[in-house]
Amino acid sequence: MVAFHASALDGVARNPALPTSLLLCLLAFDGGGDGPPRHALQRAGLPEPAVAVILAHPNPGVRIEFAMSTRAEPAQRARLADDPSPRVRAALAYGPEWGDPRTTVAPLPDDVCARLLDDPDSSVRTALLASPHLAPSFVASLATHRDPAARRSAVRAWEILTPGERSALLADPDPEVRRAAALWECRRYAHVTAELLRDPMSAADALRRGLLVRADAERCVAERTHLTALAENPSLPADLVERLAVDPDEAVRLATSLRPELDETRRMAIDFTVGVFARGDVEWVRDGLADPEVLRRAAASAHPLLRRAAAQSPHLTPDLVSLLARTEDPLVEDLLGVHHPDTPEDVLMRVYARLGGTFSAWMAETHPRFPREGLAARYADHPDGNYRRLAVRDPAATPALIERLSHDPAVWTRQAAANDPRLPLRRLREALHVPELASSAGANPALPKDEMAAVLNRAGVPT
């Protein structure tokens, strides 16, 4: 297949105006053994006839793509639970791999997950337990499952397990299940922490989270055992916190500086260094991303890692968003643009200007609050093509300007213009035959149905 025919076909596959009749033709296409373009399989709102074609497609790779779609309804994906291929069932069990923080993947129904957990193929069972998309209710239901791996996963739902289920997991016949359960229970009981400290596989985690007796804490400080983990421990006595705050190890001092009980004066008196790209994975802030008081303490702190941790919350109040937007920390701006629905326009523009071509810049540009009005007047003649591309976003951009930008020296600008429905039809048809524009033109919602059909025919798809 000629390369630009394949590109145009890929564009048509994601065209929001693609008629169902042509979509069905595209889905039945074998693509020389590769199946139809993946964009056709992962469209939002697929009609029932299209879903039926995918579910019955002879190519397992086609069914795998659908099983891992972020846009398919869970009930649609769930129909693959009895697929003859264990690869398909494993893909369904794990679910989508897309890491867009703004995309929420709805979990499969609990009864479907239960069937997958009883699948005869171990790869399916393993994929399900590793999935990040399981409902908490299902995870909790695993506490009494016959498979030790499932019971170990149930520990992730510790806070909603019944006292009886917790006790059973703490006394489980499987040592890994017992260890996982104890690492939760040690937060409440010092004797559980002490037992975990004798196990090299659990000592660091126990020191980080467990309730400590002073003797164990003093011994660890004296022996310099996992001091970075110990510096995070909520029950560490205040005098030992002070000793770790001046420890010769910089990583220990940094971990100490992040303790939640420190006031700002004491926190900023610690000699610590924060990396330019350190993102602020602070557990007490991460656990409190919906807690107004936690967010206020972290956002108002002078500590860069606390501000960066707070910037990852979509629940920041407007005053905290404004406060963080004034910190002059590029990473805080990046994180706001990724995570918060009300990130100010000027912050999004600064992220775009600084990081054009990166994931953070793409997240800023696709943010609902990214500016649109006035971009054509500001950027249509900008010397940087990455800015000229922004002119296409302006609702006031004329068809003549869009056509001019479709001939721009910068390929990204040409592609943005080729995808815009204001592009004159003559130029749109022409762009379908230009290799670097064919995909964008194929996805243009103004492309007439007969032109879409022609794209399919040129690519060898029977219509």
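The values are calculated or read from the model by the stated rules, or taken from the named source; none is laboratory data. Keep in mind it's a predicted model, so treat the numbers as computed, not measured. Note that we place each Cβ from the backbone using ideal geometry, even for glycine, and neighbour counts take in every protein chain shown. Surface accessibility is based on the protein's heavy atoms, side chains included, excluding ligands, DNA and RNA. Shrake-Rupley method; radii C 1.70, N 1.55, O 1.52, S 1.80 Å.
Placing one identical point scatterer on every Cα of the stretch 382-463 and ignoring solvent, what is log10 I(q)/I(0) from the Debye formula at q = 0.11, 0.23, 0.24 Å⁻¹?
-0.28, -1.00, -1.06
Hey, what do the phi angles of the stretch 458-463 turn into as Karplus ³J(HN,Hα) couplings, whole Hz, using 6.51/-1.76/1.60 and θ = phi - 60°, x for Gly and Pro?
Listing the rounded values in order: 5, 8, x, 8, x, 10 Hz.
Report ³J(HN,Hα) in whole Hz for each residue of the stretch 108-124, in order, from the Karplus equation J = 6.51 cos²θ - 1.76 cosθ + 1.60 where θ = phi - 60°; Gly and Pro get x.
With coefficients 6.51, -1.76 and 1.60, one gets 5, x, 4, 5, 6, 4, 4, 5, 5, 5, 9, 4, x, 9, 5, 5, 5 Hz.
Mean 1/r over all different Cα pairs, inverted: what Kirkwood radius does the stretch 388-436 give, in Å?
Values: mean 1/r = 0.0965 Å⁻¹.
That comes to 10.4 Å for the stretch 388-436.
Can you give the alpha-carbon Rg of the stretch 288-405 over 2.2 N^0.38 Å, where N counts its residues?
Numbers: Rg = 16.1 Å, N = 118, 2.2 N^0.38 = 13.5 Å.
In units of the 2.2 N^0.38 Å rule of thumb, it is 1.20.
Please list the equivalent ellipsoid semi-axes of the stretch 236-318, computed as the square roots of five times the alpha-carbon gyration tensor eigenvalues, in descending order and whole angstrom. Please list the in-between numbers first.
Details: eigenvalues 103, 37, 21 Å².
That gives 23, 14, 10 Å for the three semi-axes.
Consider just the alpha-carbon atoms of the chain and return their Rg together with their Dmax, both in angstrom.
27.3, 81
First obtain the Kirkwood hydrodynamic radius of the stretch 29-102 from its Cα pairs, then insert it into the Stokes-Einstein equation at 25 °C and 0.890 mPa s, and state the resulting D in µm² per second as a whole number.
Numbers: Rh = 12.3 Å.
It diffuses with D of about 200 µm²/s by this estimate.
Using r as the Cβ-Cβ distance of D450 and T265, and R0 as 60 Å, what FRET efficiency do you calculate, to the nearest 0.05? Let's see the in-between values first.
Details: r = 72 Å, r/R0 = 1.20.
So the FRET efficiency works out to roughly 0.25.
Please list 331-338, 140-147 highest first by mean number of surrounding beta-carbon atoms within 10 Å per residue.
On the way: 331-338: 24.9, 140-147: 16.8.
The packing order, highest mean first, is 331-338, 140-147.
P(r) for the stretch 86-125, please, calculated from all Cα pair distances in 10 Å bins and given in %.
In whole percents, the pair-distance histogram is 29, 48, 21, 2.
Once Rh for the stretch 146-206 is found with the Kirkwood sum over Cα pairs, what is the Stokes-Einstein diffusion coefficient at 10 °C and 1.306 mPa s, in µm²/s? Don't jump to the answer; show the numbers that get you there.
Numbers: Rh = 11.5 Å.
For the chosen part, D equals 138 µm²/s.
Loop-only GluC sites (Glu not before Pro) in the stretch 130-179, please: DSSP not H, G, I, E or B, and at most 15 other Cβ atoms within 10 Å. Before the final figure, lay out the partial values.
On the way: sites: E159, E165, E176; in loops: none.
Sites meeting the loop and neighbour criteria: none at all.
Taking the Cα atoms of the stretch 114-189 alone, what are Rg (to one decimal) and Dmax (as a whole number) in Å?
12.1, 40
Taking all protein chains in place and a 1.4 Å probe, what share, in percent, of the accessible surface of the stretch 206-293 do carbon and sulfur account for? Write out the running numbers ahead of the final one.
On the way: 2600 of 4600 Å².
About 57 percent, which is the carbon plus sulfur part of the accessible surface.
With Kirkwood's inverse mean 1/r over C-alpha pairs for Rh, give me the Rg to Rh ratio of the stretch 151-246, two decimals please. Don't jump to the answer; show the numbers that get you there.
On the way: Rg = 13.9 Å, Rh = 13.7 Å.
Taking Rh as the inverse mean 1/r over Cα pairs, Rg/Rh reads 1.02.
Mind checking the stretch 336-420 for GluC sites (Glu not before Pro) that DSSP puts in a loop (not H, G, I, E or B) and that have at most 11 other Cβ atoms within 10 Å?
Taking the stretch 336-420 and a limit of 11 other Cβ atoms within 10 Å, the loop GluC sites (Glu not before Pro) found are E373.
Using mean Cβ contacts within 10 Å as the protection proxy, how do 89-97, 124-132, 275-283 order, highest first? Walk me through the numbers before you get to the answer.
Details: 89-97: 23.1, 124-132: 20.0, 275-283: 13.8.
In decreasing order of mean packing, 89-97, 124-132, 275-283 become 89-97, 124-132, 275-283.
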